[in-house]
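The values are calculated or read from the model by the stated rules, or taken from the named source; none is laboratory data. For clarity, every value in this text was computed on a predicted model and none was experimentally measured. In this analysis, Cβ positions are derived from the backbone assuming ideal geometry, glycine residues included, and neighbour counts consider all displayed protein chains.
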Amino acid sequence: MEIPTLGRRRLLELGAGGVTAAVLAACAPVSAGPEGPAAEVRSGSFTSKFRPDTDTNWSVAVTAGHGGDQRPLPVAVFLHGTGADHRMVFDDLRADRLLAQHVARGGTPFAVAAVDGGESWWHRRDTGADAQAMVVEEFIPLLAGQGLDTGRLAAFGLSMGGFGALLLASQHRIPGLRAVAAMSPAVWSLYDAGRADNFDSAADFTANDIFALRPELETLPKRIDCGTSDNLLYSVKDYVNGLPGEHEGGFQDGGHNSGYWRSILPDVLSFLGRNLA
């Protein structure tokens, strides 16, 4: 089977028997002229018991020259935003290229892994879908099976995925998580019945209220960023103002869009690398 170029990563949707039957397709690194080389991206799919009605696709970027008989790479797991999928971090944010640049500058080598979560808001829903459980119980073991060091993990995401990363860290679903980063996280301090896409009910909101869970992040390295033209700015500031312990990030020029997220991603990768070292 011919593998297309990484400009638009067409996944191999061959996995049909669960995580144990996940199929890897190794893709060669590509060059992007003045942007420099990209990290190697490998993609595959599996059937998840937590997302039973669709294939769950994933991709992992690793820098060239790392792997094989060398020390396994730690992993930063990316959670995408609404209307997107696992390809967002590579196709839109160019994380494969920025990761290669991070390592070329002497940063800690690590892998960036992304997986489809649908529109679940990365927590269990009344439909039975549970993308958070999929990440913890299926995707992370899959990454271990690919030779990555899942004993050294970080989580990051943007918008819906920023909320998901903070929730995942706050609920301690990954023992020993090294760090969490959220770009423009979609966070609210109060339940709004008009946000049925986010939460099924007031009880669901309460069970996943990351404002109430902020004390759980006191000792965890954390970074949160948001653009000053983002409609979420004041809610994110409210969330950050109540965070215990030290945190990195800030409020920079930009909106709720890929241009802003690309502009801060090098600093986010640096933060993740320092904490995965």
Of all helices (runs of 4 or more DSSP H) fully inside the stretch 138-221, the set with 3 or more residues that are modelled with pLDDT of 95 or more, crowded, with 23+ Cβ neighbours inside 10 Å and within 12 Å of the chain's Cα centre (by Cα) is 160-170
Cβ-Cβ below 8 Å, separation at least six or inter-chain, first residue in the stretch 135-152 and without any contact (Cβ under 8 Å) to a residue 60 or more places away in the chain and closer than 15 Å to V115 by Cα, second aromatic (F, W, Y) and in a loop (DSSP other than H, G, I, E, B): which pairs? V135/W122
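Given P109, P72, which one is in a loop (DSSP other than H, G, I, E, B) and in contact with a His (Cβ under 7 Å, 6 or more places away or on another chain)?
Values: P72 fails: in contact with a His (Cβ under 7 Å, 6 or more places away or on another chain).
Answer to the selection: P109.
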Within the stretch 258-272, is even one residue more than 26 Å from Q101 (Cβ to Cβ), surrounded by 14 or more Cβ atoms within 10 Å (Cβ to Cβ) and within 19 Å of the chain's Cα centre (by Cα)? no
Just checking, which of D130, D92, D116 is under 24 Å from G176 (Cβ atoms), within 17 Å of the chain's Cα centre (by Cα) and of a type in the set (D, E)? D130
Can you name the condition, by its number, that S31 falls short on among (1) out of contact with any strand residue (DSSP E or B) (no Cβ under 7 Å at 6 or more places or on another chain); (2) at pLDDT below 85; (3) surrounded by fewer than 12 Cβ atoms within 10 Å (Cβ to Cβ)? (1)
Please work out which one of (1) at pLDDT 95 or above; (2) in contact with a strand residue (DSSP E or B) (Cβ under 8 Å, 6 or more places away or on another chain); (3) surrounded by fewer than 18 Cβ atoms within 10 Å (Cβ to Cβ) is the condition S43 fails and give its number. (3)
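Which ones in the stretch 215-230 are charged (D, E, K, R) and under 18 Å from G250 (Cβ atoms)? Break it down into steps so the answer makes sense when it comes.
If we filter the stretch 215-230 for residues that are charged (D, E, K, R), which is where we start, we get 216, 218, 222-223, 225, 230.
If the condition is that a residue be charged (D, E, K, R) and under 18 Å from G250 (Cβ atoms), then K222, R223, D225, D230 are the ones that fit.
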Quick check: anything in the stretch 119-135 within 26 Å of Q70 (Cβ to Cβ), of a type outside the set (G, A, S) and not in a helix (DSSP H, G or I)? no
So A114 ticks every box in (1) closer than 18 Å to R274 by Cβ; (2) aliphatic (A, V, I, L, M); (3) surrounded by 20 or more Cβ atoms within 10 Å (Cβ to Cβ) but one. Which box is left unticked? (1)
Looking at the stretch 71-98, which of the residues that are at negative phi and charged (D, E, K, R) is surrounded by the fewest Cβ atoms within 10 Å (Cβ to Cβ)? R71
Among (1) farther than 24 Å from E119 by Cβ; (2) surrounded by fewer than 23 Cβ atoms within 10 Å (Cβ to Cβ); (3) modelled with pLDDT under 95, there is one condition Q101 misses while meeting the rest; what is its number? (3)
Taking the stretch 235-277 only, how many residues are in a helix (DSSP H, G or I) and of a type in the set (D, E)? 2
Residues of the stretch 56-70 satisfying the condition of being of a type outside the set (A, V, I, L, M), at pLDDT below 95 and surrounded by fewer than 24 Cβ atoms within 10 Å (Cβ to Cβ): G65, H66, G67, G68, D69, Q70
